[in-house]
Structure formats: C-alpha cells, structure tokens
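Q: Have a look at this one.
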Amino acid sequence: MLSPQSTQPPQPKIPRQLGQKITGLILAGGQGTRMGGVNKGLSQFKDSTLVEQVISRLLPQVERVVVNANQDLDVYRSLGFDVWCDKDSSRGPLSGFLTGLSQCETPYLMIVPCDTPFFPMDTVTRLLHQMQTDCSDICMPRTQGHKEHAQKSFAQPTFSLIKTSLKDELNLFLDNGGRKVQEWAQLHRCSFVEFLSPPYDTYAFANINTESERLALEQYSAT
C-alpha cells in the first residue's frame with residue numbers, strides 16, 4: 001500500500017511571460033502492453049481518466065497543451081485539445097518527442113507522460129529556471145529512490161523540458177538507430193533539478209504501468 005510521506009510545497013502557477021514560451025505535450029502514444037493493450041491515457045482514474053488528471057496539472061504551467069496519441073483520436077480530441085500523431089510510433093517515447101519538436105511553435109517543449117497523475121505543479125517553473133541558469137538544452141527532474149535505493153536519485157527522462165531547436169539532432173539520432181531518451185539527452189547540454197522528499201511527496205512522479213499500480217495510486221490519492 002502506498003502512503004504519503006510528506007506534504008508537497010506550495011504549487012505556484014508559472015509566470016505568464018514564461019508560460020508563453022512553452023508548449024506542453026502529453027505522451028499518450030504508447031501501446032499499453034503491460035496493461036493488456038489498453039489505451040493507458042484513457043484508463044479510469046478516480047472520477048476521470050489518467051490523461052485528464054495529467055492535463056489538469058500541466059495546463060496551469062504552460063501556454064498550450066497538446067496530446068500525442070496514435071489511437072482513439074476522436075476521444076482525445078473530445079477533451080478539447082489538439083492531438084498530434086506520430087509518423088512512426090515504433091521508436092518508443094522518442095517518437096513522441098520528435099512529433100512534438102517538429103510541430104511545436106514555441107521556443108520550449110515540455111514533455112510529460114500520460115500515466116503520472118501527481119507530478120508537482122511547479123515542475124515547469126523549476127526546470128525552466130535551471131535550464132536558463134545552466135544554459136542547457138534539456139532539463140529533467142531527478143527524484144529520490146524508494147526503500148533500498150532511498151539514498152540515490154534517479155532521472156525522470158519522460159519529463160523533459162527541451163529547446164525546440166533540437167529537432168534535427170533528434171531526427172538524426174533516431175535515423176541512426178537511437179531509441180533511449182537519456183542517451184540522446186547526454187549528447188547535449190542536459191541539466192537536472194532535484195525533487196526530493198521532503199518537501200515533495202515520495203510518489204510525486206510515480207507512474208502507472210500495470211492495473212495493480214493504478215489501483216494502488218488511486219488508493220494513495222485518497223489518503
């Protein structure tokens with residue numbers, strides 16, 4: 001059973017002059033194989049769906065929200081947001097990264113997965129500040145491990161703030177057979193922000209890959 005470890009800090013809305021520079025892209029184009037092939041983003045979560053939970057957290061942090069999906073397109077569009085499809089969805093999460101970078105009209109693209117319903121409301125603010133401080137091209141959160149890994153921190157590569165100018169470099173990386181987000185990120189100036197507990201909840205970046213994980217996180221959210 002999951003249990004809250006701490007209370008999240010205040011969750012400010014990103015300043016408008018910063019948010020106007022950022023498009024938020026929700027990755028919902030996967031196959032959901034570990035959940036029996038279901039469309040994970042449209043899975044029920046409490047009184048809505050996983051993707052709606054993610055939208056509610058991302059929307060105050062960016063200028064525009066777009067969903068990256070490859071099936072059930074009309075259902076996603078019915079939520080009131082544009083849907084961008086992958087030209088080639090066989091290359092893992094980076095397929096969605098390339099789709100977003102290719103169509104994004106803002107200087108920055110914020111990538112978030114559709115299966116992490118509790119990510120902090122100051123995620124974008126902190127990543128952008130760190131990116132500007134370090135003059136980096138990509139910025140990711142790092143979170144604290146659980147149990148025996150509690151003294152370590154781990155990158156969360158599917159939460160990436162990226163300069164849109166990296167589109168051509170990503171296209172080349174994929175054409176050369178690259179598939180892993182962190183391998184691509186390491187080719188560029190990549191910075192990190194620690195989201196540790198406390199003050200952040202231990203499960204702030206917990207994601208859902210199985211039905212049992214979905215039920216556990218629903219229980220956690222009700223505590």
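The values are calculated or read from the model by the stated rules, or taken from the named source; none is laboratory data. This is a predicted model, so every value here is computed, not measured. A quick note on method: Cβ atoms are made from the backbone with ideal geometry, for glycine too, and the neighbour counts reach across all protein chains shown.
Q: Which number in (1) part of a helix (DSSP H, G or I); (2) touching a helix residue (DSSP H, G or I) at 6+ places or on another chain (Cβ under 9 Å); (3) over 23 Å from Phe119 (Cα atoms) marks the one condition that Gly178 misses?
A: Result: Gly178 passes all but (1).
Q: Only one of these is surrounded by fewer than 21 Cβ atoms within 10 Å (Cβ to Cβ), without any contact (Cβ under 8 Å) to a residue 60 or more places away in the chain and basic (Lys, Arg): Arg142, Arg179. Name it. Break it down stepwise before answering.
A: Numbers: Arg179 fails: without any contact (Cβ under 8 Å) to a residue 60 or more places away in the chain.
On inspection, the qualifying residue turns out to be Arg142.
Q: Take the residues in region 182-222 that are free of Cβ contacts under 8 Å to residues at least 60 places away in the same chain, aliphatic (A, V, I, L, M) and closer than 26 Å to Lys163 by Cα; name whichever of them is surrounded by the most Cβ atoms within 10 Å (Cβ to Cβ).
A: Ala185
Q: Something else about it: Please specify each residue of region 53-76 satisfying the condition of being more than 14 Å from Ile208 (Cβ to Cβ) and part of a helix (DSSP H, G or I).
A: Filtering region 53-76 for residues more than 14 Å from Ile208 (Cβ to Cβ) gives 55-76.
Across region 53-76, the qualifying residues are Ile55, Ser56, Arg57, Leu58, Leu59, Pro60, Gln61, Leu73, Asp74, Val75, Tyr76.
Q: Kindly indicate which of Val51, Val66 is under 21 Å from Asn207 (Cβ atoms), in contact (Cβ under 8 Å) with a residue 12 or more places away in the chain, in contact with a Lys or Arg (Cβ under 9 Å, 6 or more places away or on another chain) and not charged (D, E, K, R). Full working, then the answer.
A: On the way: Val66 fails: in contact with a Lys or Arg (Cβ under 9 Å, 6 or more places away or on another chain).
Selected residue: Val51, the only one of Val51, Val66 that is under 21 Å from Asn207 (Cβ atoms), in contact (Cβ under 8 Å) with a residue 12 or more places away in the chain, in contact with a Lys or Arg (Cβ under 9 Å, 6 or more places away or on another chain) and not charged (D, E, K, R).
Q: Which ones in region 76-109 are touching a helix residue (DSSP H, G or I) at 6+ places or on another chain (Cβ under 6 Å) and under 17 Å from Ile55 (Cα atoms)?
A: Val83, Trp84, Leu109
Q: What tally of residues in region 117-138 results from selecting those that are surrounded by 22 or more Cβ atoms within 10 Å (Cβ to Cβ) and closer than 29 Å to Glu218 by Cα?
A: 5
Q: How many residues are part of a loop (DSSP other than H, G, I, E, B), under 28 Å from Lys46 (Cα atoms) and either of a type outside the set (Ser, Thr, Tyr) or at pLDDT below 95 (or both) if we restrict to region 104-127?
A: Initial filter on region 104-127 (part of a loop (DSSP other than H, G, I, E, B)): 104-107, 114-122.
Imposing the further condition that a residue be under 28 Å from Lys46 (Cα atoms) reduces the set to 114-122.
Retained after the next criterion (residues that are either of a type outside the set (Ser, Thr, Tyr) or at pLDDT below 95 (or both)): 114-115, 117-122.
Final tally of qualifying residues: 8.
Q: Tell me whether region 35-43 contains one or more residues that are at pLDDT 90 or above, part of a loop (DSSP other than H, G, I, E, B), hydroxyl-bearing (Ser, Thr, Tyr) and surrounded by 14 or more Cβ atoms within 10 Å (Cβ to Cβ).
A: Taking every residue of region 35-43 in turn, at least one turns out to be at pLDDT 90 or above, part of a loop (DSSP other than H, G, I, E, B), hydroxyl-bearing (Ser, Thr, Tyr) and surrounded by 14 or more Cβ atoms within 10 Å (Cβ to Cβ).
Q: Under 9 Å between Cβ atoms, at least 6 apart or on separate chains: pull out the pairs that start in region 74-85 with a residue that is in contact (Cβ under 8 Å) with a residue 24 or more places away in the chain and at negative phi and end on any residue that is of a type in the set (Asp, Glu) and surrounded by 15 or more Cβ atoms within 10 Å (Cβ to Cβ).
A: Leu79/Glu52
Q: Could you tell me which residue of region 47-74 is nearest to Asp115 (Cα to Cα), considering only residues that are β-branched (Val, Ile, Thr) and out of contact with any helix residue (DSSP H, G or I) (no Cβ under 6 Å at 6 or more places or on another chain)?
A: Of region 47-74, the ones β-branched (Val, Ile, Thr) are 49, 51, 54-55, 62, 65-67.
Remaining after also requiring out of contact with any helix residue (DSSP H, G or I) (no Cβ under 6 Å at 6 or more places or on another chain): 54-55, 66.
Working: Val54: 8, Ile55: 11, Val66: 15 Å.
Once the filter is applied, the top-ranked residue is Val54.
Q: Here's a follow-up. Here is a check on your reading of the model: is Ser197 part of a strand (DSSP E or B) and in contact with a strand residue (DSSP E or B) (Cβ under 7 Å, 6 or more places away or on another chain)?
A: Working: part of a strand (DSSP E or B): no; in contact with a strand residue (DSSP E or B) (Cβ under 7 Å, 6 or more places away or on another chain): yes.
Spelling it out, it is not the case that Ser197 is part of a strand (DSSP E or B) and in contact with a strand residue (DSSP E or B) (Cβ under 7 Å, 6 or more places away or on another chain).
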